[in-house]
Amino acid sequence: MASSIRILVVDDDPEMRVLLAEELKREGWEVREAGDGAEAVLACRVARFDVILMDKNMPGPSGLDLLPGFRRTCPGSRIIMMTAFGDVPSYVEAAEKGAVDFLFKPFRIDDLKAAIRKALGLEPAPPA
């Protein structure tokens, strides 16, 4: 099942983007990268992604600004926002606009992988 999971990493920081892509590929997931919102929109027009990891702060439109469009362009994708500059209002706004999770940088890779699994419904159910 892992190989059928497709993830789009959207981050204007090339080092962060490459690091995340490499770590996620180790899970057997198919990963594409985009450096900004325009690249991400183009990627979504030609491919389907199960999860989109999107940085909140990027040049041009922010990840929060892009969220509503992504909900229309990639309706089946689960969007996880990432930011180094998080605050409660941004978290609430992201949730209202359709993000399924919000991670604050720096985060542990294991936490990111757990968020992806949770978004996809792959996390085991908690004990009863």
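Whether any residue in the stretch 17-30 is at pLDDT 90 or above, of a type in the set (Phe, Trp, Tyr) and either farther than 21 Å from SER4 by Cα or touching a Phe, Trp or Tyr at 6+ places or on another chain (Cβ under 8 Å) (or both) is what I want to check. No, that holds for no residue. Among residues of the stretch 96-112 that are basic (Lys, Arg), those with a beta-carbon under 6 Å from a residue that is surrounded by fewer than 18 Cβ atoms within 10 Å (Cβ to Cβ) at least six positions away or on a different chain give the pairs LYS97/PRO68; LYS105/ALA84.
The set of residues from the stretch 6-52 being outside any helix (DSSP H, G or I), basic (Lys, Arg) and surrounded by fewer than 18 Cβ atoms within 10 Å (Cβ to Cβ) comprises ARG6, ARG26, ARG48.
Once the stretch 53-75 is narrowed to residues that are closer than 20 Å to PRO106 by Cβ and outside any helix (DSSP H, G or I), the residue that is modelled with the lowest pLDDT is SER62.
The values are calculated or read from the model by the stated rules, or taken from the named source; none is laboratory data. As the structure is a prediction and not an experimental result, all values here were calculated from the model. Ideal geometry is used to build each Cβ from the backbone, glycine not excepted, and the neighbour counts take in all protein chains shown.
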